[in-house]
Amino acid sequence: MFSLPRRGGLDGLSQVRGGVLHRLLHAGSEPAVVRVAQLAPSRVLFGAWAPDRATAQWGIDRMRVALGVDQDLRQFYERFRFDPLIGRAVREHPALRVAGRPEPFEALMWAIAEQLIEFERAARIERRLVARLGRRCEATGLRDAPSARLIASQAPALLESLDLTEGRAVALVRAARAVASGRVDLHDSDHESGWRRLRTIRGIGSWTVQRLALTGQGRLDQLPAGDLAFRKLVGRLCSGGDPRARATEDEVVEFFAPYAPWCGLAGAYALRAGLSGAVGSPGGRPPGGVTEARPLGAELSPAVTHA
């Protein structure tokens, strides 16, 4: 089952007009405007305008990946639909997907921008980056995120002027240079090799790489375990309901280990379950007697403990 998002993102890149999702992408310098409409629960229509058929098809393929429309999650549903922690959320929201990005570098760039700050501030930074350095379609008014090559050519001071901290500005430029030069190939099927190279850049840690993997490379096995939302959820469940408790990153990893190889998707469902208060624990293990959780944010919180 699949459900098309009804709203665009706060970064302004995806827009929903009349129930149709619109997104501008670029294959190198060639633009592709992709439109997506859901005709029925099991029918999704993709269309694209581009200078040539190959670019149009590329744009459609990238949006299919970002939206997760081709993900086969039947084994996940069968295994966890009665799980004490996320079972109710799985049954009530079978169309839930991790919000993905059509280009891995976009996911990496936004992960760096979102480090250790609240979501609203991160969204403002992302909008400023798009407005200052992004690419615009004159015909539709849509904008695309800046390319790795363009970010690589910027002085960190310019990015600081858009409200990135000095450290994150430098990290973003260095990451962009690694991607633009080909030292890190985010499209290579050997994701782990690229992650190791990125981790050598100061300011890029486990949370940033896990966000890239989950939202930009379709790796549903990856969970941003240092995320504050997860540390709060697991801390509360494992402490008997103490709202001030915070789990460590390792404790979050251990808590979600029973959901492998879908830890990232299970995390999204756990946050959804937290919203409704229908929270137990994996595999029936009692979380200190707690059966309910106070509401969490609807998305992964960018307020984290690690880069």
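Condition first: out of contact with any His (no Cβ under 8 Å at 6 or more places or on another chain), in a loop (DSSP other than H, G, I, E, B) and hydrophobic (A, V, I, L, M, F, W, C). Can you find one or more residues in region 205-219 that meet it?
Among the residues of region 205-219, not one is out of contact with any His (no Cβ under 8 Å at 6 or more places or on another chain), in a loop (DSSP other than H, G, I, E, B) and hydrophobic (A, V, I, L, M, F, W, C), which makes the answer no.
Tell me whether region 20-29 contains one or more residues that are surrounded by fewer than 12 Cβ atoms within 10 Å (Cβ to Cβ), over 20 Å from the mean Cα position of the chain (by Cα), in a strand (DSSP E or B) and not assigned by TED's automatic domain parsing to the domain that holds A139.
Within region 20-29, not a single residue is surrounded by fewer than 12 Cβ atoms within 10 Å (Cβ to Cβ), over 20 Å from the mean Cα position of the chain (by Cα), in a strand (DSSP E or B) and not assigned by TED's automatic domain parsing to the domain that holds A139.
Take A176 and tell me if it is in a helix (DSSP H, G or I) and surrounded by fewer than 16 Cβ atoms within 10 Å (Cβ to Cβ).
no
Can R81 be described as in contact with a Gly (Cβ under 7 Å, 6 or more places away or on another chain) and without any contact (Cβ under 8 Å) to a residue 24 or more places away in the chain?
Criteria met by R81.
Mind listing whichever residues of region 94-125 are within 18 Å of P156 (Cα to Cα) and acidic (D, E)?
E106, E114, listed by residue number.
Let's see how each residue does on (1) hydroxyl-bearing (S, T, Y); (2) over 25 Å from R219 (Cβ atoms); (3) surrounded by 14 or more Cβ atoms within 10 Å (Cβ to Cβ):
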{"position": "S14", "(1), (2), (3)": "yes, no, yes"}
{"position": "A48", "(1), (2), (3)": "no, yes, yes"}
{"position": "A89", "(1), (2), (3)": "no, no, yes"}
{"position": "I117", "(1), (2), (3)": "no, no, yes"}
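For region 91-115, what are the residues that are surrounded by fewer than 18 Cβ atoms within 10 Å (Cβ to Cβ) and either without any contact (Cβ under 8 Å) to a residue 24 or more places away in the chain or of a type in the set (D, E) (or both)?
R91, E92
Quick check on region 62-117: of everything there that is polar (S, T, N, Q) and in a loop (DSSP other than H, G, I, E, B), which residue is farthest from the chain's Cα centre (by Cα)?
Q71
For region 37-50, give me each residue that is closer than 24 Å to A131 by Cα and out of contact with any Gly (no Cβ under 7 Å at 6 or more places or on another chain).
W49
Please enumerate the residues belonging to region 141-164 that are surrounded by fewer than 16 Cβ atoms within 10 Å (Cβ to Cβ) and in a loop (DSSP other than H, G, I, E, B).
G141, S153, A155, S161
The values are calculated or read from the model by the stated rules, or taken from the named source; none is laboratory data. Given the structure is predicted, the values throughout are model-derived calculations rather than measurements. A quick note on method: Cβ atoms are made from the backbone with ideal geometry, for glycine too, and the neighbour counts reach across all protein chains shown.
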